[in-house]
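Chemist: Input: one structure, supplied below.
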Amino acid sequence: MGRNVLVSIQNLTKVFEKDDTEITALQRLTIDVFEGELLCIVGPTGCGKTTLLRILAGLEKPGSGTIRFEGQEIRGPAAERSMVFQEFALFPWRNVEKNISFGLENKSLTKEKKNEIVNGFVSLANLKGFEHSHPRDLSSGMKQRVAIVRALATDPKLLLMDEPFGSLDAQTRNIMQKELLKIWAETGKTIVFVTHSVDEAVLLACRIAILTSRPASLKRVLEVEIPHPRDIMSSESIQIRTGILKELEAEVQKSLMTH
Amino acid sequence: MRRETRRGIIQVAIGTAAVLLLILLWDLYAMQVDSPYLPRPQQVFATLVSILIHNDKDFSGFLISQHISASVVRVLCGFGLAAILAVPIGLLCGWLWYIEKAISPIIELIRPVPPLAWIPFAIYFFRDPLSSIFIVFLGVFFPILLSTVAGVKSIDPLLIDAARTLGTKGLDLFRKVIVPASVPSIMTGLRIGLGIGWMCVVAAELVGVKGGGLGIYILSMSDVGRFENVFAGMILIGVLGFIIMLIMTQLERRLSRWAGMY
């Protein structure tokens, strides 16, 4: 893995105004995202992780500070930075195939090429036989697999995942984590993955960014050098996990004192 | 499934019993008042069956089937015109706030005026087929418009976010997300609108129409004191309205299912 910086975030501050009160979601957050890595972002609930992801996607405007994607300022959403949502956000009137091809429709590719891409992702996500099913007929794990490959189909340079497995049951979640690692290994995409589960972060991440409680800034970045597939019960994993939990606990304590 | 069928049968039985009870009360009351203006139900139903079977030509020279088709055509024209205008305007209003801000005061001023109040204007301003269609149009337009606007506004913002992060914007976003996601609400608006349109048709026919119509039929029968025919016409309007509703409900269900709602 190279260490080319794909996204550079410096002193990013974001303030929301709501009914005359200002809420600072992010405060002077600085972090780089490297090409090809799977970066997990953990932090106390409501700390602003989702805001960060939405700014990266271009769905929210950054406040002050700079945020550069391949050296360019991010102006609005684009298919090169696609996003996977916790609630799947599939188009209910489109079947699996047509959900996956949604982002391809704007691209000038031949029909054959588009079909080829869709078929490739259908197999990658183990969705063979369900191409013509509608979201309502899929299990939640399948829905999220559709959402992931839909986001990958446009061949983005950055995949943003906002607690994508947060609404799945434990069993499905385990399977999905393995699937994601498989997809990541096969596509080599850069992934920024927001989660509130420390276990999940330890299982998946190349690096884990721990955010402070709101307003979020970077508390610490941690390299996880255990090779995949990882055993969450190994002593190394447990050690990392315990360390992160301690830091998070301190953050939660802090937020309880101030709020 | 068997349990559901049994339940369905019970439901229909209760409904039928209630209707029969209503007819019985009607009959008792009609006997009590013994007035030519309130015929007894058996007279009315006999008349209804007779005009339908013989497809009677009344003294104005129209067959009952012509009255029915004239009313249906008027409703469909007014409804179609209203739908063609209200759905796109509603979609735009829901999508672009400045269009909504421009249009909503106009709408809020016109909406409370009952379609009936437009009759004098319609009579003098439009010619025959258009004047009655205009009244139906007024009744139908606003429910379609309002539920289309509500539909666009209630679209899950995540669907729009998802589409945007997949590189979709502008007109494509409108065409590929806003429109299909609004289909269930549009269908609800169309169903309600068509129901109101059917209710407006009698009023619409007051503007002086050529070629018959159920409203005309009722009025002319009332003028010559044949109240069993008046009531038969009313029942006909009710039953046809009910059938139109059934068809629309089915259509709405199908399209809503297509759009992913149950």
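The values are calculated or read from the model by the stated rules, or taken from the named source; none is laboratory data. Note that the structure is predicted; figures quoted are calculated from it, not measured. Backbone-built Cβ (ideal geometry, glycine too); neighbour counts: all protein chains shown.
Chemist: Would you pick out the residues in segment B:199-213 that are surrounded by fewer than 24 Cβ atoms within 10 Å (Cβ to Cβ) and on the phi < 0 side of the Ramachandran plot?
Modeler: If the condition is that a residue be surrounded by fewer than 24 Cβ atoms within 10 Å (Cβ to Cβ) and on the phi < 0 side of the Ramachandran plot, then B:Met199, B:Val202, B:Ala203, B:Leu206, B:Val207, B:Val209, B:Lys210 are the ones that fit.
Chemist: Of all residues in segment B:225-262 being under 18 Å from A:Arg136 (Cα atoms), touching a residue at least 12 places away in the same chain (Cβ under 8 Å) and not in a helix (DSSP H, G or I), which is nearest to the other protein chains (Cβ to nearest Cβ)?
Modeler: So, considering only residues that are under 18 Å from A:Arg136 (Cα atoms), touching a residue at least 12 places away in the same chain (Cβ under 8 Å) and not in a helix (DSSP H, G or I), the one nearest to the other protein chains (Cβ to nearest Cβ) is B:Ala259.
Chemist: Looking only at segment A:93-146, filter to residues that are aliphatic (A, V, I, L, M) and modelled with pLDDT under 90; which one of those is surrounded by the most Cβ atoms within 10 Å (Cβ to Cβ)?
Modeler: A:Ala125
Chemist: Please find, within segment B:100-129, the residue that is surrounded by the fewest Cβ atoms within 10 Å (Cβ to Cβ) out of those that are closer than 19 Å to B:Val152 by Cβ and either outside the structural domain of B:Gly78 (by TED's automatic domain parsing) or among the acidic types (Asp, Glu) (or both).
Modeler: B:Glu108
Chemist: Moving to a separate point now. Scan segment A:146-192 for residues that are touching a helix residue (DSSP H, G or I) at 6+ places or on another chain (Cβ under 9 Å), more than 22 Å from A:Ile232 (Cβ to Cβ) and basic (Lys, Arg) and jot them down.
Modeler: A:Arg150, A:Lys189
Chemist: Just one of the numbered conditions (1) touching a Ser or Thr at 6+ places or on another chain (Cβ under 8 Å); (2) surrounded by fewer than 21 Cβ atoms within 10 Å (Cβ to Cβ) is not true of A:Ala57; which one?
Modeler: (2)
Chemist: Related question: For B:Ser132, which of the numbered conditions (1) crowded, with 23+ Cβ neighbours inside 10 Å; (2) farther than 26 Å from B:Thr249 by Cα; (3) touching a Lys or Arg at 6+ places or on another chain (Cβ under 6 Å) fails to hold?
Modeler: Only one criterion is unmet by B:Ser132, namely (2).
Chemist: A:Glu112 is checked against (1) under 22 Å from B:Ala162 (Cβ atoms); (2) more than 14 Å from every other protein chain (Cβ to nearest Cβ) and fails just one. What number does that condition carry?
Modeler: Result: A:Glu112 fails condition (1) only.
Chemist: Same structure, new question: Could you list all residues from segment A:44-64 that are over 14 Å from the mean Cα position of the chain (by Cα) and more than 13 Å from chain B (Cβ to nearest Cβ)?
Modeler: Answer for segment A:44-64, where residues must be over 14 Å from the mean Cα position of the chain (by Cα) and more than 13 Å from chain B (Cβ to nearest Cβ): A:Pro44, A:Thr45, A:Gly46, A:Cys47, A:Lys61, A:Pro62, A:Gly63, A:Ser64.
So that you can scan it fast, the table gives a plain yes or no per residue for (1) over 18 Å from the mean Cα position of the chain (by Cα); (2) within 14 Å of chain A (Cβ to nearest Cβ):
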site: B:Tyr98; (1), (2): yes, no
site: B:Ile107; (1), (2): yes, no
site: B:Phe125; (1), (2): yes, no
site: B:Phe134; (1), (2): no, no
site: B:Val140; (1), (2): no, no
site: B:Arg164; (1), (2): yes, yes
site: B:Asp172; (1), (2): yes, yes
site: B:Val179; (1), (2): yes, yes
site: B:Val183; (1), (2): yes, yes
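Chemist: Residue check, A:Thr21 against (1) surrounded by fewer than 21 Cβ atoms within 10 Å (Cβ to Cβ); (2) of a type in the set (Ser, Thr, Tyr); (3) closer than 30 Å to B:Arg257 by Cβ, all met but one. Which one?
Modeler: (3)
Chemist: Then there's this: For residues that are out of contact with any Leu (no Cβ under 8 Å at 6 or more places or on another chain) and either basic (Lys, Arg) or over 18 Å from A:Met161 (Cα atoms) (or both), scanning just segment A:68-84, find the one that is nearest to the other protein chains (Cβ to nearest Cβ).
Modeler: Ranking the qualifying residues of segment A:68-84, first place goes to A:Arg75.
Chemist: Do we have any residue at all in segment B:182-190 that's without any contact (Cβ under 8 Å) to a residue 60 or more places away in the chain and farther than 19 Å from A:Ser101 by Cβ?
Modeler: The answer is yes; a qualifying residue exists.
Chemist: Inspect segment B:139-147 for any residue being of a type outside the set (S, T, N, Q) and surrounded by fewer than 17 Cβ atoms within 10 Å (Cβ to Cβ) and give the result as yes or no.
Modeler: no
For (1) over 30 Å from B:Ala150 (Cα atoms); (2) assigned to a helix (DSSP H, G or I); (3) at pLDDT 95 or above; (4) in the same structural domain as B:Trp198 (by TED's automatic domain parsing), each residue gets a yes or a no:
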| residue | (1), (2), (3), (4) |
| --- | --- |
| B:Ile10 | yes, yes, no, no |
| B:Ala17 | yes, yes, yes, no |
| B:Ala46 | yes, yes, no, yes |
| B:Ile51 | yes, yes, no, yes |
| B:Ser60 | yes, no, no, yes |
| B:Gln66 | yes, yes, no, yes |
| B:Arg74 | no, yes, no, yes |
| B:Ala82 | no, yes, yes, yes |
| B:Leu85 | no, yes, yes, yes |
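Chemist: Here's a follow-up. Which ones in segment A:168-196 are in a loop (DSSP other than H, G, I, E, B) and under 22 Å from A:Gln72 (Cβ atoms)?
Modeler: Scanning segment A:168-196 gives A:Gly188, A:Lys189.
Chemist: Kindly provide the set of residues from segment A:24-54 that are modelled with pLDDT under 90, under 15 Å from A:Glu163 (Cβ atoms) and surrounded by 21 or more Cβ atoms within 10 Å (Cβ to Cβ), ordered by number.
Modeler: Passing the criteria: A:Gly43, A:Pro44, A:Cys47, A:Gly48, A:Lys49.
Condition check ((1) assigned to a helix (DSSP H, G or I); (2) under 13 Å from the mean Cα position of the chain (by Cα); (3) of a type outside the set (A, V, I, L, M); (4) at pLDDT below 95) across all residues:
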{"residue": "B:Thr188", "(1), (2), (3), (4)": "yes, yes, yes, yes"}
{"residue": "B:Cys200", "(1), (2), (3), (4)": "yes, yes, yes, yes"}
{"residue": "B:Val209", "(1), (2), (3), (4)": "no, no, no, yes"}
{"residue": "B:Tyr217", "(1), (2), (3), (4)": "yes, no, yes, yes"}
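Chemist: Also, quick follow-up: Give segment B:52-88 a look and list any residue that's closer than 17 Å to B:Ala232 by Cβ and among the charged types (D, E, K, R), or say none.
Modeler: B:Asp56, B:Lys57, B:Asp58, listed by residue number.
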